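Below you'll find the structure, written out as structure tokens, and then a few comments.
Read the figures in this text as sums done on the coordinates, not as results from a lab. Quick caveat, the model's predicted, so the values are computed rather than measured. Positions of Cβ are backbone-derived with ideal geometry, glycine not excepted, and every protein chain shown enters the neighbour counts.
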Amino acid sequence: MPHKQHTLLLGAHISVSGGLYQAFSRGESIGCTTMQIFTKSNRQWACKPLTQEEITAFKQAWKNSFIQDIVVHAAYLINIASANPDVVNKSSRALKEELLRCEQLGIPYLVLHPGSNKTSPKQESLTQIAQQLDEVIESVPGKAMILLETMAGQGSNLCSQFEELAIVYKALKNKHRVGICFDTCHAFAAGYDMQTKEAYENVWKLFDQTIGLKLLKVIHVNDSKKELGSRVDRHEHIGEGMIGDEAFSLLFNDKRFFSIPKILETPKDDLSEDLKNMQKIVSLLRPETKNELVIKVVEGKIEAKSKQ
């Protein structure tokens with residue numbers, strides 16, 4: 001049997017209710033080796049600064065955990081592409097605070113929805129995103145990266161197409177602190193088919209040619225309630241949506257992505273539903289892949305608890 005050099009980097013978005021450090025025990029209870037969290041309310045602009053006690057408790061819990069990679073998702077209110085100057089100013093301040101919190105906690109990645117704009121020309125909006133990112137990054141020294149998420153193209157949302165993300169990246173001064181978070185549901189809704197091996201390989205070939213695989217830092221793993229090219233952002237449980245098993249089998253057996261954190265954002269009321277999706281993914285691993293990976297996903301069921 002080959003030496004197992006990699007851990008299956010699989011997890012979910014985990015609640016920080018009761019304190020940021022609480023996310024570790026929740027994630028570990030289902031076998032997460034990576035997880036995504038909010039470090040503040042995702043529905044409010046303002047937040048209290050982190051205390052040293054909070055930072056220390058978080059770092060200590062991480063040190064004692066088998067959870068390896070942590071990803072923060074920025075608040076959904078943030079829209080650095082807006083045509084409204086007031087919204088842009090609020091978004092910029094909020095994004096700076098979110099990036100600072102990542103630095104304080106030692107978290108390497110902050111996932112951001114690039115933004116939307118109903119009125120300005122697309123090129124102008126994409127340039128604005130780059131300018132705002134540069135300003136935020138320059139005001140928060142450190143290593144934490146902002147990851148632009150691939151979007152579904154719903155409404156006036158920008159960056160559903162790889163070419164748009166490439167335009168933003170090209171316009172950046174601080175390229176070293178910006179990467180990409182690829183969302184399977186969003187990409188599928190935006191028209192990127194992954195349902196067959198040929199289609200799957202074509203998507204990643206196009207991604208590499210347009211953006212560059214080296215910029216891929218995180219993958220959001222979600223099936224889609226809506227069909228290919230629908231431009232509708234509706235996540236579904238793995239294998240129960242329009243993307244189907246084959247695409248996820250191809251993704252999780254792809255050695256190129258063993259070291260990329262993969263995060264579930266599937267519908268749930270409690271952690272038992274995350275576990276069910278994680279177990280589904282493990283069932284899609286080929287024997288040779290299982291031989292190469294250390295798998296922490298819990299077997300069997302856990303007791304369903306109230307929404308966490």
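Odds and ends about this structure:
- Total formal charge among the other residues, if their Cβ is under 9 angstrom from that of Ala152, Lys/Arg +1 and Asp/Glu -1: +1
- Pairwise FRET efficiency - Gln131 versus Asn84, Cβ, R0 = 22 Å, nearest 0.05: 0.90
- Using only side-chain charges placed at the Cβ, +1 for Lys and Arg and -1 for Asp and Glu, the dipole size of the range 30-175 relative to its Cα centre rounds to 140 debye.
- Taking other C-beta atoms within 10 Å as the exposure proxy, Arg43, Arg26 rank Arg43, Arg26 from fewest upward.
- For the range 108-181, the C-alpha radius of gyration divided by 2.2 N^0.38 Å, with N the number of residues, is 1.04.
- Alpha-carbon centroids, the range 186-229 and the range 85-127: separation in whole Å: 23
- Linear extension gain, Glu163 paired with Arg93, 0.36 nm per residue minus alpha-carbon span: 22.4 nm
- For the range 139-195: Kirkwood Rh in Å [reciprocal of mean 1/r, alpha carbons]: 12.3
- Annotation: the residues Ile70, Ile295, sorted from fewest to most other C-beta atoms within 10 Å of their own C-beta, follow the order Ile295, Ile70.
- At R0 = 45 Å, FRET efficiency that the Cβ-Cβ distance of Arg286 and Asn64 yields, to 0.05: 0.85
- Sorted ascending by nearby beta carbons within 10 Å, beginning with the fewest, Val218, Val294 become Val294, Val218.
- Entry for the range 177-296 at q = 0.19, 0.22 Å⁻¹: log10 I(q)/I(0) = -1.08, -1.43, Debye formula applied to identical alpha-carbon scatterers, no solvent contribution.
- Contour minus Cα-Cα distance for Val294 and Glu103 (0.36 nm per residue): 65.9 nm
- Student exercise, the range 175-308 dipole from Lys, Arg, Asp, Glu Cβ charges, in Debye to nearest 20: 540
- The range 3-52 - Kirkwood radius from inverse mean 1/r over Cα pairs (Å): 12.5
- Among the listed options (1) 0.95; (2) 1.01; (3) 1.03, the one matching Rg/Rh (Cα atoms, Kirkwood Rh) as calculated from these coordinates is (1).
- Basic side chains Lys and Arg get +1 at the Cβ, acidic Asp and Glu get -1 at the Cβ, and with that the dipole of the chain about its Cα centre reaches some 560 debye.
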